[in-house]
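The values are calculated or read from the model by the stated rules, or taken from the named source; none is laboratory data. Predicted model only: the values in this text are computed from it and were never measured. Reconstructed Cβ throughout: ideal geometry from the backbone, glycine too, with neighbour counts over all protein chains shown. Keep in mind that these areas ignore ligands, DNA and RNA; they rest on the heavy atoms of the full protein, side chains included. Shrake-Rupley method; radii C 1.70, N 1.55, O 1.52, S 1.80 Å.
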Amino acid sequence: MSAPKKLFIKTYGCQMNVYDSERMAEALGGEGYVETKSADDADMILLNTCHIREKAAEKVYSELGRFKGLKAEKPDLKIGVAGCVAQAEGEEIMRRQPLVDLVVGPQSYHRLPEMEAKAREGEKVLDTDFPEEDKFEKLKNRPKAKRGPAAFLTVQEGCDKFCAFCVVPYTRGAEVSRPADRILREAQDLVERGVREITLLGQNVNAYHGAGPNGDLTLAQLIWELDKIDGLERIRFTTSHPNDMQDDLIEAHGTCAKLMPYLHLPVQAGSDKILKRMNRSHTAESYIRLIERIRAARPDILISGDFIVGFPEETEEDFQATMDLVAEVKYGTAYSFKYSTRPGTPAAERPQVDPAAADDRLQRLQALLTKQQREVQDSMVGREVGVLFEKAGRLPGQMVGKSDYLHAVHVAECNRQVGDLARVRIVSSGANSLAGELIG
Ligand code: SAH
Ligand code: SF4
Ligand code: F3S
(Lines give C-alpha, C1' and ligand atoms only; values in the text may rest on other atoms or scores of the structure.)
(Ligands and ions follow the chains in the order given, each with its own letter.)
Protein backbone atom coordinates (compact mmCIF):
# COMPACT_ATOMS: atom_id res chain seq x y z
CA MET A 1 0.00 0.00 0.00
CA SER A 2 1.29 3.46 -0.81
CA ALA A 3 1.94 5.98 1.98
CA PRO A 4 -1.00 8.28 2.71
CA LYS A 5 -0.99 11.65 1.00
CA LYS A 6 -0.88 14.64 3.29
CA LEU A 7 -3.43 17.43 3.34
CA PHE A 8 -2.85 20.85 4.90
CA ILE A 9 -6.01 22.93 5.33
CA LYS A 10 -5.95 26.50 6.56
CA THR A 11 -9.29 27.98 7.56
CA TYR A 12 -10.28 31.64 7.62
CA GLY A 13 -13.58 33.33 8.50
CA CYS A 14 -16.59 32.03 10.34
CA GLN A 15 -17.46 28.78 12.12
CA MET A 16 -19.24 27.55 9.02
CA ASN A 17 -15.87 27.48 7.32
CA VAL A 18 -14.44 25.49 10.24
CA TYR A 19 -17.23 22.96 9.74
CA ASP A 20 -16.72 22.91 5.97
CA SER A 21 -12.98 22.33 6.42
CA GLU A 22 -13.72 19.28 8.56
CA ARG A 23 -16.03 17.94 5.88
CA MET A 24 -13.47 18.61 3.12
CA ALA A 25 -10.81 16.75 5.09
CA GLU A 26 -13.22 13.84 5.45
CA ALA A 27 -14.06 13.88 1.73
CA LEU A 28 -10.38 13.79 0.83
CA GLY A 29 -9.78 11.23 3.61
CA GLY A 30 -11.73 8.85 1.39
CA GLU A 31 -9.06 9.46 -1.29
CA GLY A 32 -6.23 8.46 1.02
CA TYR A 33 -5.38 11.85 2.52
CA VAL A 34 -4.49 12.40 6.16
CA GLU A 35 -4.26 15.86 7.66
CA THR A 36 -0.94 17.47 8.50
CA LYS A 37 -0.28 20.57 10.57
CA SER A 38 2.54 21.78 8.36
CA ALA A 39 2.29 23.09 4.82
CA ASP A 40 5.89 21.98 4.22
CA ASP A 41 5.14 18.27 4.10
CA ALA A 42 1.77 18.53 2.36
CA ASP A 43 0.83 16.91 -0.97
CA MET A 44 -2.14 19.18 -1.13
CA ILE A 45 -2.73 22.61 0.40
CA LEU A 46 -6.26 23.95 0.70
CA LEU A 47 -7.04 27.49 1.82
CA ASN A 48 -10.64 27.74 2.97
CA THR A 49 -11.21 31.45 2.61
CA CYS A 50 -13.43 34.32 3.78
CA HIS A 51 -14.62 37.26 1.69
CA ILE A 52 -16.42 39.26 4.37
CA ARG A 53 -13.94 42.17 4.51
CA GLU A 54 -11.31 43.36 2.07
CA LYS A 55 -8.43 42.45 4.36
CA ALA A 56 -9.69 38.89 4.72
CA ALA A 57 -9.87 38.46 0.96
CA GLU A 58 -6.46 40.02 0.26
CA LYS A 59 -4.81 37.73 2.81
CA VAL A 60 -5.46 34.83 0.47
CA TYR A 61 -3.25 36.23 -2.28
CA SER A 62 -0.36 36.96 0.07
CA GLU A 63 -0.70 33.50 1.61
CA LEU A 64 -0.67 31.89 -1.84
CA GLY A 65 2.44 33.86 -2.77
CA ARG A 66 4.24 32.26 0.16
CA PHE A 67 3.76 28.79 -1.35
CA LYS A 68 5.74 29.65 -4.49
CA GLY A 69 9.02 28.22 -3.18
CA LEU A 70 7.32 25.08 -1.92
CA LYS A 71 5.66 24.45 -5.24
CA ALA A 72 8.98 24.91 -7.07
CA GLU A 73 10.58 22.30 -4.78
CA LYS A 74 7.66 19.89 -5.04
CA PRO A 75 6.07 20.02 -8.49
CA ASP A 76 3.48 17.39 -7.43
CA LEU A 77 2.13 19.62 -4.71
CA LYS A 78 -1.46 20.65 -5.47
CA ILE A 79 -2.80 23.97 -4.23
CA GLY A 80 -6.51 24.67 -3.89
CA VAL A 81 -8.65 27.62 -2.84
CA ALA A 82 -12.04 26.94 -1.28
CA GLY A 83 -14.63 29.04 0.53
CA CYS A 84 -16.10 32.46 -0.08
CA VAL A 85 -13.16 34.08 -1.93
CA ALA A 86 -13.16 31.08 -4.26
CA GLN A 87 -16.86 31.65 -4.88
CA ALA A 88 -16.55 35.39 -5.43
CA GLU A 89 -13.24 35.59 -7.30
CA GLY A 90 -12.62 32.10 -8.68
CA GLU A 91 -11.56 33.09 -12.18
CA GLU A 92 -9.50 36.00 -10.92
CA ILE A 93 -7.62 33.72 -8.52
CA MET A 94 -6.71 31.40 -11.40
CA ARG A 95 -5.54 34.41 -13.43
CA ARG A 96 -3.67 36.21 -10.66
CA GLN A 97 -2.01 33.18 -9.12
CA PRO A 98 -0.93 30.52 -11.64
CA LEU A 99 0.25 28.16 -8.91
CA VAL A 100 -3.39 27.45 -7.97
CA ASP A 101 -4.57 24.08 -9.34
CA LEU A 102 -8.06 23.98 -7.98
CA VAL A 103 -10.82 26.40 -6.99
CA VAL A 104 -13.93 25.13 -5.25
CA GLY A 105 -16.90 27.10 -3.90
CA PRO A 106 -18.73 26.49 -0.60
CA GLN A 107 -21.64 24.71 -2.28
CA SER A 108 -19.71 22.25 -4.43
CA TYR A 109 -16.91 20.89 -2.26
CA HIS A 110 -18.46 17.41 -2.17
CA ARG A 111 -16.95 17.16 -5.66
CA LEU A 112 -13.42 17.62 -4.28
CA PRO A 113 -12.41 13.95 -4.80
CA GLU A 114 -13.09 14.14 -8.58
CA MET A 115 -11.49 17.58 -8.74
CA GLU A 116 -8.39 16.36 -6.94
CA ALA A 117 -8.04 13.47 -9.40
CA LYS A 118 -8.22 15.87 -12.36
CA ALA A 119 -5.71 18.22 -10.72
CA ARG A 120 -3.35 15.24 -10.28
CA GLU A 121 -3.54 14.75 -14.05
CA GLY A 122 -2.39 18.32 -14.54
CA GLU A 123 -5.73 19.97 -15.21
CA LYS A 124 -6.74 23.31 -13.69
CA VAL A 125 -10.16 22.80 -12.13
CA LEU A 126 -12.73 25.38 -11.09
CA ASP A 127 -16.16 24.58 -9.66
CA THR A 128 -18.22 27.39 -8.15
CA ASP A 129 -21.64 25.95 -8.99
CA PHE A 130 -24.67 26.04 -6.77
CA PRO A 131 -25.65 22.45 -7.64
CA GLU A 132 -29.13 20.95 -7.17
CA GLU A 133 -27.87 17.91 -5.28
CA ASP A 134 -27.43 18.01 -1.49
CA LYS A 135 -23.70 18.25 -0.88
CA PHE A 136 -24.04 16.93 2.66
CA GLU A 137 -25.73 13.76 1.38
CA LYS A 138 -22.96 13.27 -1.17
CA LEU A 139 -20.29 13.49 1.50
CA LYS A 140 -20.36 9.83 2.40
CA ASN A 141 -16.74 9.30 3.31
CA ARG A 142 -17.13 10.27 6.92
CA PRO A 143 -14.78 8.10 8.98
CA LYS A 144 -15.98 7.03 12.42
CA ALA A 145 -12.98 8.53 14.19
CA LYS A 146 -13.34 9.69 17.78
CA ARG A 147 -13.36 13.44 18.16
CA GLY A 148 -13.32 16.28 20.69
CA PRO A 149 -16.28 17.03 22.97
CA ALA A 150 -17.53 20.18 21.19
CA ALA A 151 -18.59 20.12 17.53
CA PHE A 152 -20.19 22.34 14.93
CA LEU A 153 -23.08 21.18 12.81
CA THR A 154 -24.33 23.26 9.89
CA VAL A 155 -28.14 23.21 9.71
CA GLN A 156 -28.83 26.18 7.47
CA GLU A 157 -26.83 27.83 4.71
CA GLY A 158 -26.98 31.03 2.76
CA CYS A 159 -28.91 34.20 3.40
CA ASP A 160 -31.80 36.11 1.82
CA LYS A 161 -31.48 39.23 3.97
CA PHE A 162 -29.18 41.24 1.70
CA CYS A 163 -27.82 43.65 4.28
CA ALA A 164 -26.36 46.46 2.17
CA PHE A 165 -22.75 45.81 3.28
CA CYS A 166 -22.63 42.03 3.13
CA VAL A 167 -21.27 39.52 0.61
CA VAL A 168 -22.78 36.39 2.19
CA PRO A 169 -25.96 36.25 0.04
CA TYR A 170 -23.68 36.27 -3.03
CA THR A 171 -20.98 33.87 -1.84
CA ARG A 172 -23.21 31.38 -0.03
CA GLY A 173 -26.36 31.78 -2.08
CA ALA A 174 -30.02 31.64 -1.08
CA GLU A 175 -31.12 30.58 2.36
CA VAL A 176 -31.58 26.79 2.58
CA SER A 177 -32.35 24.58 5.60
CA ARG A 178 -31.22 20.96 5.86
CA PRO A 179 -33.94 18.39 6.56
CA ALA A 180 -34.28 17.60 10.26
CA ASP A 181 -33.76 13.82 10.00
CA ARG A 182 -30.32 14.28 8.42
CA ILE A 183 -29.29 16.73 11.12
CA LEU A 184 -30.49 14.38 13.86
CA ARG A 185 -28.63 11.47 12.27
CA GLU A 186 -25.45 13.53 12.09
CA ALA A 187 -25.87 14.69 15.70
CA GLN A 188 -26.38 11.11 16.88
CA ASP A 189 -23.26 10.06 14.99
CA LEU A 190 -21.25 12.88 16.58
CA VAL A 191 -22.41 11.87 20.05
CA GLU A 192 -21.36 8.27 19.36
CA ARG A 193 -17.91 9.63 18.54
CA GLY A 194 -17.56 11.46 21.85
CA VAL A 195 -19.26 14.81 21.24
CA ARG A 196 -21.13 16.31 24.22
CA GLU A 197 -21.85 19.80 22.89
CA ILE A 198 -23.17 20.77 19.46
CA THR A 199 -23.32 24.28 18.05
CA LEU A 200 -25.87 24.50 15.27
CA LEU A 201 -24.60 26.74 12.52
CA GLY A 202 -26.16 28.92 9.87
CA GLN A 203 -25.54 32.39 8.47
CA ASN A 204 -29.10 32.98 9.59
CA VAL A 205 -29.61 30.00 11.82
CA ASN A 206 -32.81 31.13 13.54
CA ALA A 207 -34.53 31.35 10.15
CA TYR A 208 -34.18 27.54 10.10
CA HIS A 209 -37.24 25.80 8.66
CA GLY A 210 -36.04 22.36 7.63
CA ALA A 211 -38.39 19.58 6.59
CA GLY A 212 -39.62 17.31 9.39
CA PRO A 213 -41.96 14.32 9.37
CA ASN A 214 -45.05 16.55 9.80
CA GLY A 215 -44.07 19.72 7.99
CA ASP A 216 -41.25 22.20 8.52
CA LEU A 217 -39.56 22.51 11.91
CA THR A 218 -38.57 25.79 13.52
CA LEU A 219 -35.12 26.05 15.08
CA ALA A 220 -36.70 25.66 18.54
CA GLN A 221 -38.47 22.47 17.42
CA LEU A 222 -35.19 21.13 16.05
CA ILE A 223 -33.51 21.95 19.37
CA TRP A 224 -36.21 20.01 21.25
CA GLU A 225 -35.57 17.02 18.97
CA LEU A 226 -31.84 17.23 19.70
CA ASP A 227 -32.65 17.54 23.39
CA LYS A 228 -33.86 13.90 23.26
CA ILE A 229 -30.43 12.55 22.27
CA ASP A 230 -28.87 10.79 25.25
CA GLY A 231 -25.27 11.79 25.78
CA LEU A 232 -25.70 15.19 24.13
CA GLU A 233 -25.41 17.61 27.03
CA ARG A 234 -25.25 21.05 25.51
CA ILE A 235 -26.80 22.81 22.53
CA ARG A 236 -25.85 26.20 21.12
CA PHE A 237 -26.63 27.99 17.86
CA THR A 238 -25.17 30.85 15.85
CA THR A 239 -25.66 33.32 14.07
CA SER A 240 -29.11 34.74 14.60
CA HIS A 241 -30.88 37.68 13.01
CA PRO A 242 -33.06 39.82 15.31
CA ASN A 243 -36.05 39.58 12.96
CA ASP A 244 -36.08 35.77 13.04
CA MET A 245 -36.04 35.47 16.82
CA GLN A 246 -39.34 33.64 17.15
CA ASP A 247 -41.37 33.22 20.35
CA ASP A 248 -40.74 29.47 20.65
CA LEU A 249 -36.99 30.02 20.48
CA ILE A 250 -37.08 32.70 23.17
CA GLU A 251 -39.20 30.38 25.30
CA ALA A 252 -36.79 27.47 24.76
CA HIS A 253 -34.05 29.57 26.35
CA GLY A 254 -36.09 29.48 29.55
CA THR A 255 -37.23 25.85 29.40
CA CYS A 256 -34.65 23.69 27.59
CA ALA A 257 -31.93 22.75 30.08
CA LYS A 258 -29.52 21.67 27.34
CA LEU A 259 -29.79 25.01 25.53
CA MET A 260 -26.94 27.13 26.85
CA PRO A 261 -27.45 30.69 28.19
CA TYR A 262 -25.56 32.42 25.39
CA LEU A 263 -26.96 34.24 22.39
CA HIS A 264 -25.06 35.87 19.55
CA LEU A 265 -27.47 38.46 18.19
CA PRO A 266 -25.76 41.00 15.93
CA VAL A 267 -27.29 44.46 15.77
CA GLN A 268 -24.59 46.18 13.63
CA ALA A 269 -25.56 49.77 14.60
CA GLY A 270 -27.68 51.79 17.00
CA SER A 271 -28.92 54.54 14.68
CA ASP A 272 -32.25 53.87 12.98
CA LYS A 273 -31.16 55.90 9.96
CA ILE A 274 -28.09 53.69 9.53
CA LEU A 275 -30.00 50.47 10.26
CA LYS A 276 -32.46 51.42 7.53
CA ARG A 277 -29.66 52.13 5.07
CA MET A 278 -28.06 48.84 6.03
CA ASN A 279 -31.36 47.16 5.12
CA ARG A 280 -31.46 45.54 8.54
CA SER A 281 -35.28 45.87 8.87
CA HIS A 282 -35.19 46.31 12.64
CA THR A 283 -34.76 49.42 14.77
CA ALA A 284 -32.59 50.03 17.81
CA GLU A 285 -35.75 50.13 19.91
CA SER A 286 -37.14 46.84 18.57
CA TYR A 287 -33.76 45.19 19.20
CA ILE A 288 -33.64 46.43 22.80
CA ARG A 289 -37.23 45.24 23.41
CA LEU A 290 -36.26 41.86 21.98
CA ILE A 291 -33.29 41.58 24.34
CA GLU A 292 -35.63 42.40 27.22
CA ARG A 293 -37.96 39.57 26.24
CA ILE A 294 -35.04 37.13 25.95
CA ARG A 295 -33.75 38.19 29.35
CA ALA A 296 -37.22 37.76 30.82
CA ALA A 297 -37.14 34.14 29.62
CA ARG A 298 -33.54 33.54 30.74
CA PRO A 299 -32.29 36.30 33.07
CA ASP A 300 -28.65 35.16 33.16
CA ILE A 301 -28.25 34.83 29.36
CA LEU A 302 -25.01 36.28 27.99
CA ILE A 303 -25.60 38.46 24.94
CA SER A 304 -23.01 38.72 22.18
CA GLY A 305 -23.09 41.10 19.23
CA ASP A 306 -21.51 42.29 15.99
CA PHE A 307 -21.01 45.95 15.08
CA ILE A 308 -19.95 47.90 12.03
CA VAL A 309 -18.69 51.46 12.40
CA GLY A 310 -18.10 53.92 9.59
CA PHE A 311 -20.90 52.61 7.40
CA PRO A 312 -21.54 55.08 4.51
CA GLU A 313 -23.11 58.32 5.75
CA GLU A 314 -22.65 57.47 9.45
CA THR A 315 -22.32 60.76 11.36
CA GLU A 316 -20.87 61.25 14.83
CA GLU A 317 -24.46 61.46 16.11
CA ASP A 318 -25.31 58.10 14.48
CA PHE A 319 -22.23 56.60 16.07
CA GLN A 320 -23.30 57.95 19.48
CA ALA A 321 -26.56 56.05 19.04
CA THR A 322 -24.50 52.85 18.70
CA MET A 323 -22.61 53.71 21.90
CA ASP A 324 -25.95 54.36 23.67
CA LEU A 325 -27.35 51.02 22.53
CA VAL A 326 -24.24 49.20 23.75
CA ALA A 327 -24.49 50.97 27.12
CA GLU A 328 -28.08 49.83 27.44
CA VAL A 329 -27.68 46.20 26.33
CA LYS A 330 -24.43 45.38 28.13
CA TYR A 331 -22.68 42.76 26.01
CA GLY A 332 -20.81 39.76 27.35
CA THR A 333 -18.82 39.41 24.14
CA ALA A 334 -18.77 41.43 20.94
CA TYR A 335 -17.08 41.68 17.57
CA SER A 336 -16.71 45.11 16.03
CA PHE A 337 -15.42 46.03 12.61
CA LYS A 338 -14.65 49.06 10.52
CA TYR A 339 -16.90 49.05 7.48
CA SER A 340 -15.15 47.51 4.50
CA THR A 341 -16.36 48.27 1.00
CA ARG A 342 -17.34 45.08 -0.80
CA PRO A 343 -17.62 45.35 -4.59
CA GLY A 344 -21.05 44.36 -5.84
CA THR A 345 -22.90 45.19 -2.60
CA PRO A 346 -25.32 48.16 -2.57
CA ALA A 347 -23.38 50.18 0.03
CA ALA A 348 -20.20 50.13 -2.07
CA GLU A 349 -21.62 52.86 -4.33
CA ARG A 350 -22.45 55.28 -1.50
CA PRO A 351 -20.47 58.21 -0.04
CA GLN A 352 -17.85 56.74 2.28
CA VAL A 353 -16.95 57.94 5.77
CA ASP A 354 -13.50 59.47 6.32
CA PRO A 355 -11.28 56.48 7.31
CA ALA A 356 -9.63 58.39 10.19
CA ALA A 357 -13.06 59.16 11.70
CA ALA A 358 -14.06 55.51 11.32
CA ASP A 359 -10.82 54.38 13.03
CA ASP A 360 -11.46 56.73 15.90
CA ARG A 361 -15.03 55.47 16.33
CA LEU A 362 -13.89 51.86 16.23
CA GLN A 363 -11.41 52.56 19.02
CA ARG A 364 -14.03 54.20 21.20
CA LEU A 365 -16.54 51.41 20.60
CA GLN A 366 -13.99 48.71 21.29
CA ALA A 367 -12.95 50.41 24.53
CA LEU A 368 -16.56 50.37 25.72
CA LEU A 369 -17.16 46.77 24.59
CA THR A 370 -13.93 45.55 26.23
CA LYS A 371 -14.92 47.22 29.49
CA GLN A 372 -18.35 45.57 29.38
CA GLN A 373 -16.94 42.16 28.52
CA ARG A 374 -14.56 42.40 31.44
CA GLU A 375 -17.37 43.43 33.80
CA VAL A 376 -19.54 40.52 32.69
CA GLN A 377 -16.62 38.11 33.02
CA ASP A 378 -15.70 39.47 36.47
CA SER A 379 -19.32 39.11 37.59
CA MET A 380 -18.91 35.34 37.24
CA VAL A 381 -16.59 35.24 40.28
CA GLY A 382 -18.30 33.43 43.15
CA ARG A 383 -20.84 31.76 40.86
CA GLU A 384 -21.32 28.07 40.14
CA VAL A 385 -21.26 27.19 36.46
CA GLY A 386 -21.16 24.08 34.30
CA VAL A 387 -17.81 23.49 32.57
CA LEU A 388 -17.19 21.07 29.70
CA PHE A 389 -13.51 20.12 29.72
CA GLU A 390 -11.89 20.35 26.30
CA LYS A 391 -8.17 19.92 26.94
CA ALA A 392 -5.40 19.66 29.50
CA GLY A 393 -4.00 22.99 30.70
CA ARG A 394 -0.36 24.08 30.56
CA LEU A 395 0.21 23.40 34.25
CA PRO A 396 0.34 19.83 35.57
CA GLY A 397 -3.07 18.62 36.76
CA GLN A 398 -4.85 21.60 35.21
CA MET A 399 -7.81 21.24 32.82
CA VAL A 400 -9.38 23.85 30.55
CA GLY A 401 -12.98 23.97 29.46
CA LYS A 402 -15.84 26.25 28.49
CA SER A 403 -18.50 27.48 30.85
CA ASP A 404 -22.20 27.52 30.01
CA TYR A 405 -21.63 31.18 29.06
CA LEU A 406 -18.72 30.25 26.77
CA HIS A 407 -16.00 31.69 28.98
CA ALA A 408 -12.74 29.73 29.05
CA VAL A 409 -12.28 28.28 32.56
CA HIS A 410 -9.05 26.87 34.03
CA VAL A 411 -9.35 24.38 36.86
CA ALA A 412 -6.25 23.38 38.85
CA GLU A 413 -5.84 19.98 40.52
CA CYS A 414 -8.57 18.65 38.32
CA ASN A 415 -9.21 14.90 38.28
CA ARG A 416 -11.59 15.07 35.31
CA GLN A 417 -11.10 13.95 31.71
CA VAL A 418 -11.59 15.71 28.40
CA GLY A 419 -15.32 15.43 27.66
CA ASP A 420 -16.41 15.53 31.31
CA LEU A 421 -18.97 18.07 32.34
CA ALA A 422 -18.57 19.34 35.91
CA ARG A 423 -19.94 21.94 38.30
CA VAL A 424 -17.29 24.54 39.01
CA ARG A 425 -17.14 27.51 41.36
CA ILE A 426 -15.45 30.51 39.75
CA VAL A 427 -12.76 31.92 42.01
CA SER A 428 -11.04 34.56 39.89
CA SER A 429 -11.17 36.38 36.59
CA GLY A 430 -8.06 36.96 34.47
CA ALA A 431 -7.33 38.76 31.20
CA ASN A 432 -9.06 36.28 28.90
CA SER A 433 -10.28 33.50 31.12
CA LEU A 434 -11.68 32.50 34.48
CA ALA A 435 -10.23 30.21 37.12
CA GLY A 436 -12.43 27.87 39.10
CA GLU A 437 -12.50 24.88 41.41
CA LEU A 438 -14.52 21.70 41.24
CA ILE A 439 -17.57 21.51 43.45
CA GLY A 440 -17.94 18.25 45.34
N1 SAH B 1 -25.11 36.35 9.50
C2 SAH B 1 -24.57 37.14 10.49
C3 SAH B 1 -23.13 37.55 10.30
C4 SAH B 1 -22.48 37.52 9.00
S5 SAH B 1 -20.89 38.15 8.78
C6 SAH B 1 -25.50 38.30 10.73
O7 SAH B 1 -26.56 38.35 10.22
O8 SAH B 1 -25.19 39.21 11.47
C9 SAH B 1 -20.21 38.48 10.36
C10 SAH B 1 -20.09 39.93 10.69
O11 SAH B 1 -19.18 40.57 9.84
C12 SAH B 1 -21.38 40.71 10.53
O13 SAH B 1 -22.24 40.56 11.60
C14 SAH B 1 -20.86 42.12 10.40
O15 SAH B 1 -20.74 42.74 11.64
C16 SAH B 1 -19.48 41.94 9.79
N17 SAH B 1 -19.45 42.40 8.40
C18 SAH B 1 -20.14 41.89 7.36
N19 SAH B 1 -19.88 42.60 6.23
C20 SAH B 1 -19.00 43.57 6.58
C21 SAH B 1 -18.37 44.64 5.87
N22 SAH B 1 -18.60 44.86 4.58
N23 SAH B 1 -17.53 45.43 6.56
C24 SAH B 1 -17.30 45.25 7.88
N25 SAH B 1 -17.87 44.27 8.58
C26 SAH B 1 -18.71 43.44 7.96
FE1 SF4 C 1 -24.93 39.17 5.85
FE2 SF4 C 1 -26.01 38.38 8.14
FE3 SF4 C 1 -27.10 40.39 6.76
FE4 SF4 C 1 -27.27 37.89 5.85
S5 SF4 C 1 -28.20 38.72 7.72
S6 SF4 C 1 -26.77 39.69 4.63
S7 SF4 C 1 -25.29 37.08 6.49
S8 SF4 C 1 -25.06 40.36 7.76
FE1 F3S D 1 -16.53 34.73 5.59
FE2 F3S D 1 -18.00 33.31 3.98
FE3 F3S D 1 -18.17 32.96 6.59
S4 F3S D 1 -17.49 35.41 3.71
S5 F3S D 1 -17.77 34.98 7.37
S6 F3S D 1 -16.40 32.55 5.34
S7 F3S D 1 -19.82 32.84 5.12
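Under the condition of being in contact with a Leu (Cβ under 7 Å, 6 or more places away or on another chain) and either open to solvent by 40 Å² or more (accessible area, probe 1.4 Å) or of a type in the set (Asp, Glu) (or both), the residues counted in the stretch 1-33 number 3.
In the stretch 65-81, the residue that is farthest from ligand 2 (Cβ to nearest atom) out of those that are exposed (fewer than 12 other Cβ atoms within 10 Å of the Cβ) and closer than 21 Å to residue 114 by Cα is 75.
For (1) within 16 Å of ligand 2 (Cβ to nearest atom); (2) farther than 30 Å from residue 187 by Cβ; (3) free of Cβ contacts under 8 Å to residues at least 12 places away in the same chain; (4) of a type in the set (A, V, I, L, M), each residue gets a yes or a no:
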site	(1), (2), (3), (4)
16	yes, no, no, yes
19	yes, no, no, no
31	no, no, no, no
43	no, yes, no, no
57	yes, yes, no, yes
60	no, yes, no, yes
63	no, yes, no, no
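If you go through the stretch 23-51 and pick out every residue that is of a type in the set (Asp, Glu), under 24 Å from the mean Cα position of the chain (by Cα) and either within 16 Å of ligand 3 (Cβ to nearest atom) or over 21 Å from residue 64 (Cα atoms) (or both), you end up with 1. Is one or more of the residues making up the stretch 90-112 within 16 Å of ligand 2 (Cβ to nearest atom) and under 30 Å from residue 197 (Cβ atoms)? Within the stretch 90-112, one or more residues are within 16 Å of ligand 2 (Cβ to nearest atom) and under 30 Å from residue 197 (Cβ atoms). Which pairs do you get when a residue that is farther than 18 Å from residue 327 by Cβ, found in the stretch 366-387, comes within reach of a residue that is exposed (fewer than 13 other Cβ atoms within 10 Å of the Cβ) and among the aliphatic types (A, V, I, L, M), reach meaning Cβ atoms under 9 angstrom, with the pair 6+ apart or on two chains? Listed pairs, sorted by first residue: 384/439. Quick check on residue 312: is it within 16 Å of ligand 3 (Cβ to nearest atom) and part of a loop (DSSP other than H, G, I, E, B)? For residue 312, the condition - within 16 Å of ligand 3 (Cβ to nearest atom) and part of a loop (DSSP other than H, G, I, E, B) - is not met. Checked against the criterion of being in the same structural domain as residue 328 (by TED's automatic domain parsing), open to solvent by less than 10 Å² (accessible area, probe 1.4 Å) and farther than 18 Å from residue 207 by Cβ, the stretch 272-282 has at least one qualifying residue. Taking the stretch 183-206 as the range and being within 16 Å of ligand 1 (Cβ to nearest atom), open to solvent by 10 Å² or more (accessible area, probe 1.4 Å) and not in a loop (DSSP other than H, G, I, E, B) as the test, only 199 passes. Cβ separations smaller than 9 Å between residues 6+ apart or across chains give the following pairs from the stretch 108-119 residues that are at negative phi to residues that are of a type in the set (Phe, Trp, Tyr) and not in a helix (DSSP H, G or I): 108/130; 116/33. Among the residues of the stretch 313-341, which ones are more than 18 Å from residue 264 (Cα to Cα) and within 20 Å of the chain's Cα centre (by Cα)? Passing the criteria: 338, 339, 340. With respect to the conditions (1) open to solvent by less than 30 Å² (accessible area, probe 1.4 Å); (2) away from ligand 2 (no atom under 16 Å from the Cβ), residue 84 lacks only one, and its number is (2).
In the set (1) among the aromatic types (Phe, Trp, Tyr); (2) open to solvent by less than 10 Å² (accessible area, probe 1.4 Å); (3) over 21 Å from residue 405 (Cβ atoms), the condition left unmet by residue 331 is number (3). Quick one: would you say residue 39 is buried (at least 19 other Cβ atoms within 10 Å of the Cβ), aliphatic (A, V, I, L, M) and away from ligand 2 (no atom under 16 Å from the Cβ)? The answer is no for residue 39.
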